[in-house]
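The values are calculated or read from the model by the stated rules, or taken from the named source; none is laboratory data. These numbers come from a predicted model, not from an experiment. Don't worry about glycine lacking a Cβ; one is built from the backbone with ideal geometry, like all the others, and counts go over all protein chains shown.
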Amino acid sequence: MSSCCATKPSVSAVCPRCGQKGKAVGEETPTHLLTKAALSKRRDVPYLFCRTPICEVVYFSADGVTVFRKSDVRVRVGLKETEPPIPLCYCFGFTEQDVYDEVKATGRCTISERITARVQAGECACEIKNPQGSCCLGKVRAAEKEAVACWKSRRSSAVLMY
Ligand SMILES: [Zn+2]
């Protein structure tokens with residue numbers, strides 16, 4: 001699934017803010033996504049991504065000295081947002097709303113199929129566009145499943161009401 005993305009360095013460290021284990025990112029990911037001001041504070045050490053939704057830290061250095069928060073990153077980090085637009089796919093600009101809209105209109109969602117086709121065409125750039133530095137497809141498929149399940153349950157409860 002992540003064949004379109006380069007192998008990530010294997011550093012291990014916990015977020016200095018929330019204490020959860022981070023996910024290592026290649027150096028190109030923060031390079032492209034940090035603001036100019038944040039980049040000036042960056043040191044030449046490995047960085048990790050914090051996956052905790054309520055933690056405002058996006059990247060932290062493996063030695064725990066430097067942290068970059070949501071305000072230091074140029075894109076909205078979908079995982080850490082609760083208000084739309086919540087980005088799902090950074091390469092092609094799909095949001096959670098796009099998934100829900102399509103499911104609402106058609107009962108299914110073809111966004112992951114469309115993304116797969118473009119990944120196969122070599123058009124993705126997850127390493128530099130997705131804050132996690134990895135492929136979004138797993139998350140898009142999960143969002144599609146959830147949206148379809150939600151749509152079906154709403155439909156059946158609507159039927160029950162009659
Ligand atoms: Zn954290």
*May I ask you to verify whether Arg51 is within 14 Å of the ligand (Cβ to nearest atom), under 18 Å from Gly26 (Cα atoms) and either touching a residue at least 40 places away in the same chain (Cβ under 8 Å) or out of contact with any Cys (no Cβ under 9 Å at 6 or more places or on another chain) (or both)?*
yes
*Would you mind telling me which numbered condition in (1) closer than 18 Å to Cys135 by Cα; (2) within 16 Å of the ligand (Cβ to nearest atom); (3) at pLDDT below 95 Val11 fails?*
(1)
*Every residue from the range 62-76 that is closer than 18 Å to Glu27 by Cβ and within 13 Å of the ligand (Cβ to nearest atom)*: Gly64, Val67, Phe68
